[in-house]
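What follows is calculated from the coordinates using simple rules that are stated; it is not laboratory data. Please read these numbers as outputs of a predicted model, since none were measured by experiment. Cβ placement follows ideal geometry from the backbone for every residue including glycine, while neighbour counts extend to all protein chains displayed.
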Amino acid sequence: MLPDLFDDAPRDLMLEPGAVVLGGFAAGHDAALMDAIGVILDAAPLRHLVTPGGWRMSVAMSNCGRVGWVSDRRGYRYDPVDPESSRAWPAMPGLFKTIAARAAEAAGFPAFVPDACLINRYEPGARLSLHQDRDEEDREAPIVSISLGLPATFLWGGQKRGDRPRRIRLTHGDAVVWGGPARFAFHGVDPVADGIHSLTGRARFNLTFRKVFRS
Ligand code: MD3
Ligand code: FE
């Protein structure tokens, strides 16, 4: 049964309207998710992208789905082709679509059909500085994230870069849904602390499901 979002379940949390943490939502599917990630990464290996300003990102990334998010000296964009292989990104597994849709529905966004999934791998010390996700054409759809492996401290800023961020612990299996007024908030991830997780080893994985195209 889905957890009631508005009960006192300690690990579900409404950050603000549209932004909901679903504690442990994907934990029961963790091994299947990691197996599917392994298959994707065999075809589209993790890589450290370079920002338009020339900085190598500490997070290693890959994608599955109709398009993938990439960055290089020319800018950020969604690309139907993996620039490393010149081939299409691997298809999004059915399990990914199902879990993302269920999490979105639990947070009040029915009929979420993601067309892209960014796979982030954080080794100890890797971080993501405060940013907004605004390369998607569909501005109404939420973004769903699933965290696996080592814990991380998520930075939840406001609508302005200068707003002081809240810090939220995200642990293995947590799903977070960001939609409505929360969709364009600034956010980031503090450097991941060293540790070993029984399923992922010395790493945190994060899947972010996006709807890039309006349908
Ligand atoms: C809030 N990833 O890939 S997931 C990203 O943990 C990204 O890897 C982080 O930020 C990670 O772009 C955070 C949570 C998240 C993702 C997208 C959002 C929060 C968001 C979009 C809008 C607002
Ligand atoms: Fe983001």
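Quick look at the numbers
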{"item": "Proximal charge balance of Asp79 [Cβ under 12 Å; K/R count +1, D/E count -1]", "result": "0"}
{"item": "Viscosity 1.002 mPa s, 20 °C: Kirkwood-radius Stokes-Einstein D of the stretch 138-215 over Cα pairs, µm²/s", "result": "158 µm²/s"}
{"item": "Order of Cys64, Cys117 under a 10 Å beta carbon neighbour criterion, fewest first", "result": "Cys64, Cys117"}
{"item": "Within the chain, helix-based [θ] at 222 nm, where runs of 4 or more DSSP H residues each add -39,500 (n - 2.57), nearest 500", "result": "-4000 deg cm²/dmol"}
{"item": "Average Cα contact separation per residue, the stretch 10-210, under 8 Å, 6 or more apart, as relative contact order %", "result": "26 percent"}
{"item": "Net charge contributed by nearby residues that have their C-beta within less than 12 Å of Ala43 (K/R +1, D/E -1)", "result": "-2"}
{"item": "Geometric extent, Cα atoms of the stretch 1-103 - Rg, Dmax (angstrom)", "result": "16.9, 49"}
{"item": "Extension gain, Val113 back to Arg202 (0.36 nm per residue minus Cα-Cα distance, nm)", "result": "28.9 nm"}
{"item": "Sorted by Cβ density within 10 Å, fewest first, the residues Ser147, Ser86", "result": "Ser86, Ser147"}
{"item": "Debye log10 I(q)/I(0) for the stretch 114-183, one point scatterer per Cα, at q = 0.14, 0.24 Å⁻¹", "result": "-0.49, -1.43"}
{"item": "Electrostatic dipole magnitude of the chain [Cβ: Lys, Arg +1; Asp, Glu -1; Cα centre; debye, to 20]", "result": "680 debye"}
{"item": "Rough spin-label spacing in nm, given labels placed 7 Å along Cα→Cβ, for Arg73 and Arg214", "result": "3.5 nm"}
{"item": "Qualifying trypsin sites (Lys or Arg not before Pro) in the stretch 82-133, DSSP loop, other Cβ atoms within 10 Å at most 16", "result": "Arg127"}
{"item": "Evaluated at q = 0.11, 0.13, 0.17 Å⁻¹: base-10 log I(q)/I(0), Debye formula over Cα of the chain", "result": "-0.48, -0.69, -1.30"}
{"item": "Between the stretch 26-89 and the stretch 104-140, the alpha-carbon center distance in angstrom", "result": "13 Å"}
{"item": "Per DSSP, loop GluC sites (Glu not before Pro) in the stretch 84-192 with at most 11 further Cβ within 10 Å", "result": "Glu84, Glu137, Glu140"}
